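Read the figures in this text as sums done on the coordinates, not as results from a lab. The shown structure was predicted, so the numbers you read here are calculated from the model rather than taken from an experiment. Methodologically, a virtual Cβ is constructed for each residue, glycine included, from the backbone with ideal geometry; neighbour enumeration extends over all protein chains shown.
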Amino acid sequence: MAEEMRIVLRNYGKIDPLKIDDYIASGGYNALNKARGMSQADLINEVKASNLRGRGGAGFNCGAKWNFAYQAQADQKYVICNADEGEPGTYKDRLIMEGDPQSLLEGMAICGYAIGATQGFIYCRGEYPSVVKTLNAAIAQAKEKGVLGDFSIEVRMGAGAYVCGEETALIESIEGKRGEPRIKPPFPPVIGLWGKPTIVNNVETFANIPAIVEKGAAWYAGIGTPSYPGTKIVTLTGDVVNKTFFEVPTDTTIREVIFGFGGGILGGKAFKAVQIGGTSGAFIPAANLDTPIGFDAMTAIGAALGSGAVFVLNDTRDIVDVTARIAKFFAHESCGKCAPCREGTMRMHDLMDKINAGQGKAADVALLNKLGRVMSYSCLCGLGQAAPSPVLTTIEHFAADYNAKLA
Amino acid sequence: MINVTIDGIKASVPDGSTILQAAKNVGINIPTLCYHPDQSVKANCRVCVCEVEGNRLLQAACSQPVFEGMVIKTRTPKVIEARKTILELILAHHPQDCLNCIRNENCELQSLAAEYFIRDNPFELKVRGLAKDLSTPSLFRDPNKCVLCRRCIEACSVVQIVNALGLEERGSHAMVVPSLGKDLIDSPCIMCGQCIHACPVGAIGEVEDIDKLLAAIADPETVVVTQIAPAVRLALSEEIGMNTGDLPMEVFVAGLKQIGFDHVLHTNFTADLTILEEGNELLKRLSTGGTLPMFTSCSPGWINFCETFYPDLLDNLSTCKSPQQMFGSLVKTYWADKMGIAPSKIFSVSIMPCVAKKFEASRPEMNASGFRDVDIVLTTREIGRLFRMSGVDFRKLAPQPFSPWMGEYTGAAVIFGATGGVMEAALRTVYEVVMQETLEDVNFTVARGFEGIKEAEVDLNGTVVKVAIAHGLGHARKLMDQVRAGESPYHFIEIMACPGGCVGGGGQPITKANVKRIERLDAIYIEDEAMPVRKSHENVEVKKIYEDFLHEPLGHKSHELLHTHYHAKNKSFL
Amino acid sequence: MNFQEILAKYADKPGGMIEAFHAIQEQLNYLPEEVIIEAAKVFDKPVAQAYGVATFYSMFSTDKRGKYVIRICESAPCHVAGAAEVVAALEQELGIKMGETTADGLFSLEFTECVGQCQATPVITINGEPSLDVTPAKISGIIAACK
């Protein structure tokens, strides 16, 4: 069986997160010092060569993204850590921030040096008040030690809006506004926070950075699947024996995650489906369980690794009911800016509820299909584009469950 | 230049073009809903989505810039399905009462629904079921019809900087609401009605008073008298299917007579009168050390704005009532007397390019005649509707004159309808009063045009008078902040609430783009040019009213009937 | 600290209105109208915009709420773990429906989406503090502990 491999969780449970000396004693801040000895361009090339891809969901090459911001001319640039982890079933960023906050700060500071930014923000979701306290304590210690140099970090708190996980909505929220996504282009590395070049990366992405800088791009690029190297923290929920988290190489298969690390289905029941990547992820049937979790392999089966949430359903579960519940989530979390998402998520919820209540017709399922298809390529941001995924994939793979509920 | 291919047509378009602009260049119209030619790009309706080769996602044509070699397809099955579905979604959340709607046949959503032949909407009709906001006498909001394009918010917060409108909640609960979710009357709204022009549908409109007019006309005891504001005629032409400005004034009068108005008079008469009162007020302030700069007071949206946002500057406002209200107090006194009609029998109607005038007429202090001075105010749009309802065929009508005593006007009054017009009219008169010589060229062209803020200097016998003009309250704010800071170099400032002045008033035919406003400005100056008399103090009927009734500008009678005072609006929630 | 003092503390923080709202809610549990009006002034934004912000985020409320705001996660992992039973137990224990506040002004019940404690579903939070692996049987004890 595949083994856990802890890169971003390298210090988790081993050090006292509120003692910066523990972090330093375990090699912390060596990477930042090493980075500062490199030219910005070399540093960015190193990150690029590692082929680290963003762990927030879009999977963009991290070094390439940094390069846009590095190339942009501006009197001020910003580094933002996206800690608005809102995908249901996901808590990996919390683990990093609770267990090893300095690794995040170090990763951000390396990014700051690379692109020429002296100010960082951590946008932490409002549901994590204790994490905010931990982060603030960690920042205070780092400042006292002087390890961050001229790089400052401030924590900002979200207030219950899933859409703020979208980077431009997040930027709007830091600016004190409604968390509504901006029109792209321009992209944040060119015009971001307060109009300045801004890098927004996920907590897990930043936590990878010190290890990459320290051990080198080649080392990292050799881990897991080549097109999406490294590890991924997966958080297991639902009908699985081990409802917990693991950090695994990206060539680990879904089957290994559920039946190896996860210990299989709870109560000796049979597997029905797994939703990976959070609530906007596709539902995956048993036939695809041998797919590796890496970004491109998942894309190939019409799914996405996303946040790394692994939500398992046993064969007694009513998948239409679960999908109806998910549809309500999106109706609640749509920001309401663009018409297809604002109206579409509401309609999806209505139609799913109707079918779930035994009042649906075949035409309603067909309408869901059309609506979902249109939303997936017409909505302004990723929320609306991804929202139909659970509906479309359950209709595709579990049509019998829908048919059984039709009036 | 950037080379693109649109629906197979190769084109070279300017750098920075959007798909929408590029397509227009090659003669392809892409449908839009939230797009507004004078506003920021919103890209929130997604009706304009197109395919771009190599991209799974459709791109909003209004926001997506073109790039070299871009291959765009604007009407593939995927695009058509997306646009139709989006329209179905919007329509299913919108009342299906087009027949009863104030914007029937003039609605962007209705047009799109027709263009995309939306027949059996697969989505169940679901309307919000909210009450209409009827709290103001000027405009209503029907939140059920709102399509969340946000154009009204931009008109209110960026063009006018009034910030009465904003967003509430999110998702399908998101709404455009007056500040703090209150009724309009309890918001900072100054009732300019620019949101009406911005709205693509019938979610905001004027409060209609046509039924009150019809009742008055039907009553044989009532003498229905109307005044027509300067900017109405040329824009009304558009409402009745003519080009801007083409409806001759005397034919307009004939049309009103045919509908049943007993007497047709002109607000232009009191516009000329205003010049005499306001011009003299300015000269008095200049010579006696009065509060300067003096602000014009013709625009009721502007008055509301000043009372709301600059209550500390109310002393700067000219005490002159607006021409509408001067007319109102004179028609039931001077004119009634001249005509031998009991003022109690007069029903005073005002035809205005404005919705704020409805509020102004309802102010409790506007009863100097002992009655409500102006009984009802109808907008240009309402008069257009009335003519359509009455079946008036203007091509067959013989011209008719205005009734006597308050129907004569000069070119100076005509230009009141344009930004800068009051200033220019005032200068024509003030110059001659002070210099005691004839002004040969009456055209003060520096006061003309669509520039947000215009300024000029006039040398009056060695005294240099500095004047400034702003239209659109966003521009007015700049001048006001200067005054508030004690840094204003001006003696006299003209403010019109609406962009372009009254030609762009909230009661004018729905005007999406500023180019239309500019077209109307041109029509105004053509009319002025053609007038035999172009200076207010040369208006014979105005001379007559001073001889017979008012005796002198700023005199006792004027004070009683033509001047007013202002009240700070204590609104804590701006 | 009264809300004016809290707002003043955040006045110099660019975009700090959301932070200030959090701090005020920690004391008042909701955002009264005068807070929104004053916040707009302090952060030099129109009231209409401040109101738009206050009503956008689900953690903010413009309606008065109880001393203890209990939020029940209804996201899919909690849903399959029995969130509906927890909701029913809470409604019964407190004698109110979701979205309501008890007459004594002590408790408010709200739905929330995922709070990121999915290793121990179902989850509720009380004034932001999570309670894990909640079952209907635990509800009485949890409520009693608040009082």
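Could you list A:VAL213, B:VAL446 in order of exposure, starting from the residue whose Cβ has the fewest other Cβ atoms within 10 Å?
B:VAL446, A:VAL213
Quick one: 3J(HN,Hα) in Hz for region B:223-239, Karplus 6.51/-1.76/1.60 with θ = phi - 60°, rounded, Gly and Pro as x.
9, 8, 10, 10, 10, 10, 6, x, 8, 6, 4, 5, 7, 4, 3, 5, 5
Can you flag which of A:LYS196/B:LYS478; A:LYS133/C:LYS9; A:LYS65/A:LYS184 are past 21 Å Cα-Cα?
A:LYS196/B:LYS478
What ³J(HN,Hα) values, in whole Hz, does the Karplus curve 6.51 cos²θ - 1.76 cosθ + 1.60 give for region B:321-329 when θ = phi - 60°, with x put for Gly and Pro?
So the J values, rounded to whole Hz, are 5, 5, x, 4, 7, 4, 4, x, 6.
Amide H neighbours of A:VAL240 under 5 Å, at least 5 residues apart or on other chains, H built in the peptide plane: list them.
Here A:LEU266 satisfy the definition.
Which whole-Hz ³J(HN,Hα) couplings does region A:194-201 yield from phi under the Karplus relation 6.51 cos²θ - 1.76 cosθ + 1.60, θ = phi - 60°, glycine and proline marked x?
Whole-Hz 3J(HN,Hα) from phi for region A:194-201: 6, x, 9, x, 9, 9, 10, 10.
Provide the descending list of Cα extents for chain C along its principal axes, expressed in whole angstroms.
For chain C, the Cα extents along the three principal axes come out at 49, 31, 23 Å.
Can you say what percent of the DSSP beta bridges in chain B, counting only those with both residues inside, are antiparallel? Round to 5.
50
Report the equivalent ellipsoid semi-axes for the protein assembly as shown in whole Å, largest first, defined as the square roots of five times the eigenvalues of the gyration tensor built from alpha carbon atoms.
Each semi-axis is the square root of five times an eigenvalue, giving 63, 31, 28 Å.
If you find the alpha carbon centre of region B:318-395 and of region A:117-185, how far apart are they in angstrom?
59
Note down the nm distance, to one decimal, between modelled labels 7 Å out along Cα→Cβ at B:LYS478 and at C:MET98.
Here the answer is 5.2 nm between the modelled labels.
Starting from a Cα-only point model with no solvent, please compute log10 I(q)/I(0) by Debye for chain A at q = 0.08 1/Å.
Cα-only, vacuum Debye calculation for chain A: -0.42.
Convex hull over the Cα atoms of chain B, averaged projected area in nm²?
Hull-based average projected area comes out at 28.3 nm².
Out of residues 5 or more away from A:GLU154 or on other chains, whose amide H comes under 5 Å of its own, with H placed 1.01 Å from N in the peptide plane?
The answer is A:GLY120, A:PHE121, A:ILE122.
If you stretched the chain out fully between B:ILE217 and B:ASN104, how much longer would it get, using 0.36 nm times the residue separation minus the C-alpha to C-alpha distance?
38.1 nm
Can you sort B:HIS471, B:HIS563 from fewest to most other Cβ atoms within 10 Å of each residue's own Cβ?
Taking fewest neighbouring Cβ atoms as first place, the list is B:HIS563, B:HIS471.
Once the other residues with Cβ under 13 Å from the Cβ of B:TYR566 are scored (Lys, Arg +1; Asp, Glu -1), what is the net sum?
-2
Of A:LYS77/C:LYS45; B:LYS126/C:LYS45; B:LYS512/B:LYS569; A:LYS19/A:LYS232; B:LYS24/B:LYS84; B:LYS182/C:LYS41, which pairs sit farther than 28 Å apart, going by alpha carbon to alpha carbon?
The pairs that break the limit, which is 28 Å between Cα atoms, are B:LYS126/C:LYS45; B:LYS512/B:LYS569.
Give the long-range amide H neighbours of B:LEU167: residues separated by 5 or more places, or on another chain, with amide H under 5 Å away, using H modelled in the peptide plane at 1.01 Å from N.
Amide H neighbours of B:LEU167, under 5 Å, 5+ apart: B:VAL177, C:GLY52.
Please give the length that would be gained between B:LYS73 and B:VAL26 if that part of the chain were fully extended, namely 0.36 nm times their separation in residues minus their C-alpha to C-alpha distance (nm, one decimal).
15.6 nm
Mean separation of Cα pairs under 8 Å and 6+ residues apart, divided by the residue count of chain B: what relative contact order is that in percent?
16
Arrange the following residues from fewest to most other Cβ atoms within 10 Å of their Cβ: C:ILE37, B:ILE196, A:ILE355.
C:ILE37, A:ILE355, B:ILE196
With an 8 Å Cα cut-off and a minimum separation of 6 or more residues, compute the relative contact order for chain A in percent.
17
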